[in-house]
1. Within segment B:123-224, which GluC sites (Glu not before Pro) sit in a loop by DSSP and count at most 11 neighbouring Cβ atoms inside 10 Å?
2. Average partner chain C-beta neighbours within 10 Å, per residue of A:195-204?
3. If I compute solvent accessible area with a 1.4 Å probe over the protein chains, what percent of it on chain A is carbon and sulfur?
4. Quickly estimate the mean residue ellipticity at 222 nm for chain A, helices only: each DSSP H run with n ≥ 4 gives -39500 (n - 2.57), and the total goes over all residues, rounded to 500.
5. Taking loop as defined by DSSP and a crowding limit of 11 other beta carbons within 10 Å, which GluC sites (Glu not before Pro) in segment A:1-40 fit?
6. Kindly rank A:110-121, A:144-155 from highest to lowest mean number of other beta carbons found within 10 Å of each residue.
7. Long-range amide H contacts for A:Q249: which residues qualify at under 5 Å (H placed 1.01 Å from N, peptide plane, sequence gap of 5 or more or a different chain)?
8. Would you work out the relative contact order for chain A, in percent, from Cα pairs under 8 angstrom that are 6 or more residues apart?
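The values are calculated or read from the model by the stated rules, or taken from the named source; none is laboratory data. Source: prediction; values computed, not measured. Cβ: placed from backbone, ideal geometry, glycine included. Neighbour counts: every protein chain shown. Each accessible area value is taken on the protein alone, full model and side chains, heavy atoms only, with ligands, DNA and RNA left out. Shrake-Rupley method; radii C 1.70, N 1.55, O 1.52, S 1.80 Å.
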Amino acid sequence: MANIWVYSEVNEGRPRSIALELLSKARDLGTVDAVALGPGAREAAAELGAHGASRVLVNEDPAFAEYLAEPATDCLAALAGKGAPDLILFGFTSDSREVAGRLAARLGVGLISNAMDVVAADGSFRVTVPYFGGAKVATYRSNTSPAIVLVRPKSFEASEIGGQAEVVEIDAAIGEGSRRARIVERREEAAEQVKLEDARVVVSGGRGLGGPENFHLVEELAAALGGAAGASRAIVDAGWVPYAMQVGQTGKTVRPGVYIAAGISGAMQHTVGMKSAKVIVAINKDAEAPILKMADLGVVGDALKILPRLTDAVKARKGQ
Amino acid sequence: MKIVVTVKQVPDPNGAQALEPDNTIARDREVVLDPGDEYGIEEGLQLKEKHGGEVVLVSMGPEKARDAIRKGLSMGADRGILITDEQLAGADALLTARALAAAIKAEKPELVICATESYDGSTGMVPPMLAELLGVPQLTFAKQVEVDGQQVTVHRQTEEGYQVVEGSAPCLVTVTAGIAEPRYASLKGIMAARSKEVKVLKLGDLGIDRGQPAETVESIADADAREAGEIVEDDGSVGVDRIMAVLQSAKVL
């Protein structure tokens, strides 16, 4: 049986949802331990156990939450020296990927990033990764032990199996010089609306909207539908909307019931983040736009004219 | 302050891309300096203007990647280092980080600036690996960088907003597109870049060997593609009517 670790970020006593997704997958691949570090790690253990962790390795040293990457890297490296895991799974999030990168460099082992799936393959692992912007799928085989794999959120469905994990206190093992990149302040910017990843309907806008002054049309339709607004990388890079709204390979992956793409051409960078939506509607002036070739309904027309009329129609139907 | 900015040459994100029959990315296409790196170069130049020092560009790639370095030099960077070796073709993130680390260590910079991730690979693995191999802290996803003596403070972009993160030099900073508007190279800058030094390093110069690949590519196949559905031409009402029907049947109204 393979020995697998799932690294779980902890937020206010709860594991990040990606950790639960990873456990739901990992429990079919071998014996799974979750590693939870920082304040709230013990409290998170029950949920990790319910999703398939047989043990939860915890340490609540506040340094794990206060300093970027290095304390967690130290702890995992010390642990890997003793525990000899075959596979360490991380979620592809901004915090986890930094820990995974440092850990791979320190241990001198391979790291496969941006993975969609992991399967066992006679003593090692096969990992599938989107390639060429998602038009292709590359299958890698890991040659190192442990293999470190970063998995895209929403690649697996989280499901409980009702287990109970043994909680094991581990050594923090934080090195003398590892308290260096210190978080001195956290500021929240956007008011919390419907979360993009959890929304049943996502309406996203791209360059075809013409300018940032028209993005409100996307937000109004999203609000009328009780959904969330998203964006293509092009307009995030151009500074129209914050990064948190970006859908795509370097942004969020969404799987809503309906995805409406307005003025987005459908570069692969974007489509890899939304192609698993149940229903895709695309509005684009250009009849040749690639997004129309993957949409369930493609409307060739001007998003600036269609969006406000659609918002009105939705409001009228809902009696708003 | 001595600043190293890592740069990469990538297929033009705005150009058509194609695959060779063996599924490697066609190399005869237009290649450019990674647009994400322009932000790092700009930030490096602004810090130099404020605090003095030198901006050195370090890249790994084929001989042609010299053009990407040249572009950064014409923006105003002082000199470049190109790591190029046939043995490095197809290098994975760890080998790339090892090669960059070896070249950068010799420069003893106080600040290393990287893009958050490259446009073509988009895995963002090289910066944390590089920080580890250099033995320095990483201040990441910066949309603002301030330097005060040895202290470096960044505003780190997060899902919810941002964090203020402090560290001290030497350190590695990754920057986002929000950090600065990259300048255009002036004619004077382009002329000056021609005489700026670009040092070429081989694997042997760096004292590292290629090692065994940490993973093997077993296959590359077409992803499951969605089939095109209905396409309608909007005439002022049909677009909205059809979308409403789709929303209705998806039960989101």
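1. Values: sites: B:E132, B:E146, B:E159, B:E160, B:E166, B:E197, B:E215, B:E218; in loops: B:E159, B:E160, B:E197.
Hits after loop and neighbour filter: B:E197.
2. That works out to 1 on average.
3. Details: 5790 of 12240 Å².
Whole-percent figure for carbon plus sulfur exposure: 47.
4. -8000 deg cm²/dmol
5. A:E12
6. A:144-155, A:110-121
7. Amide H neighbours of A:Q249, under 5 Å, 5+ apart: A:H270, A:V272, A:G273.
8. Numbers: 727 pairs, mean separation 46.7, N = 320.
Across chain A, relative contact order equals 15 percent.
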